[in-house]
Every structure is written in C-alpha cells, then in structure tokens.
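Every number here is computed from the coordinates shown, using simple stated rules; none is lab data. None of the values given here were measured: they were computed from a predicted structure. Backbone-built Cβ (ideal geometry, glycine too); neighbour counts: all protein chains shown.
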Amino acid sequence: MKLPLGLVLALLWTETLAGAGAAAPTPEQRLAALGLTLPAVPASVANYVPAVRSGSLVFLAGQIPRRADGQVLVGKVGRDCTEAQAADAARTCALQLLAALKAEVGDLGRVRRIVRVGGFVNCTPDFTAQPKVINGASDLLVAVFGERGRHARAAVGVAALPAGAPVEVELVAEIAE
C-alpha cells in the first residue's frame, strides 16, 4: 500500500523525535507539519449537535466535505468524481471532524484513541472501492494521532448523500478524563 507523502513525513517525524528521546509531537503540531489547519465547525443544519459526550467517548455527527467558503463538494463517485477526488473529500471530512472534536474537548492531545470511523460513499452501483475512498480519512487520522489514530471502520456505498456530497464520514473518539 502506498502511503501519502504527508503521512509518511508525519510518521517519520514522530519516529525521529521518539528515537531522540523527545516528546512526541502534539496532534496540532502534526497537523501543522502536514500544512493543514482546522476549519471552522459548520453549524448544524437540522435537529442535531456536532458532538455528544457519553463518559469518555465522544460521538461526532457525520460530516460532508465543504470548501473553505462553506460550499458543499458534490458528485457521485464513479460518475462525477474519481476515487482519488473522493478520497480527498473524505480527508476534508476528517479535518472537519477534528475541528468539531477540538471544539468539544478543547485539546486534541486529550484523544486517547480514535475508536471507530463510519464512511459513506455516494457511488454508482458498480463502484466497489469504498474502502480506498475512506482511506483518505483514515490515513489523516493516523498521521495526526499515530497509533492512537488506528480505528475500527465501516466503508459502505450508498445511493445518495445530503446535498449530493460524494462522501460522509463520522467518528467516535475516546477522550482522557
């Protein structure tokens, strides 16, 4: 499996610092090393909240990919957008989820583990690479949290998603009390 360059660099940075006896970089430092910033948390568009805590778990509502101006990315994978474009959209969803998680808990350093990711791919009936699309989100979570970012996951194809989005991603995280 070929890993994205940013993921490779983040993992190498972590190993280099750990080998030198330095403290591991924070999730925010890893995001900065990847050249990424967290977007603003979009307002809920229906009767739900972006995050709910239950004990040490935080359940995050599904996110569809939005541009910096808030416009939703649209398209059906296998017809309107490629697998690679959809994986980039899943990565955007993961960034939005991290923004919502940080807004809820205050510091991404409190994340003990990303427990589960659910990925939905708006695709043509013959498209079968849903796991590769959702790898866009999973790879980012591992780049940001290292081993704590590895998670259980579902990646399924669906006939449609809100606003015509190509992907929707949700997650559950465990937080240090």
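Could you work out the relative contact order of the range 85-177? I mean the mean sequence separation of Cα pairs under 8 Å and 6+ apart, divided by the number of residues, in percent.
Details: 165 pairs, mean separation 42.2, N = 93.
Averaging sequence separation for qualifying contacts and normalising by length gives 45 percent for the range 85-177.
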Two-decimal ratio, the chain, of alpha-carbon radius of gyration to 2.2 N^0.38 Å: 1.01
Residues in the range 100-144 reached by a label modelled at ALA23 [backbone nitrogen below 19 Å; 7 Å Cα→Cβ]: 106-113, 144
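For the pair ASP107 and ASN47, what calculated FRET efficiency results from E = 1/(1 + (r/R0)^6), where r is the Cβ-Cβ distance and R0 = 30 Å, to the nearest 0.05?
Details: r = 29 Å, r/R0 = 0.95.
Efficiency, from the Cβ-Cβ distance: 0.55.
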Top of PRO65, PRO125, PRO39 by mean-square fluctuation, Gaussian network on the chain, Cα under 10 Å: PRO125
Cut-off 18 Å, label 7 Å out along Cα→Cβ of ALA160, residues of the range 63-94 by amide N: 64-65, 72-81
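Over the range 5-175, what is the mean sequence separation of C-alpha contacts under 8 Å (at least six apart), divided by residue count, expressed as relative contact order in percent?
On the way: 328 pairs, mean separation 53.1, N = 171.
31 percent.
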Residue with peak Gaussian network fluctuation, the chain [Cα springs, cutoff 10 Å], from ASP88, ASP139, ASP69: ASP69
Antiparallel %, DSSP beta bridges [both residues in the chain], to 5: 70
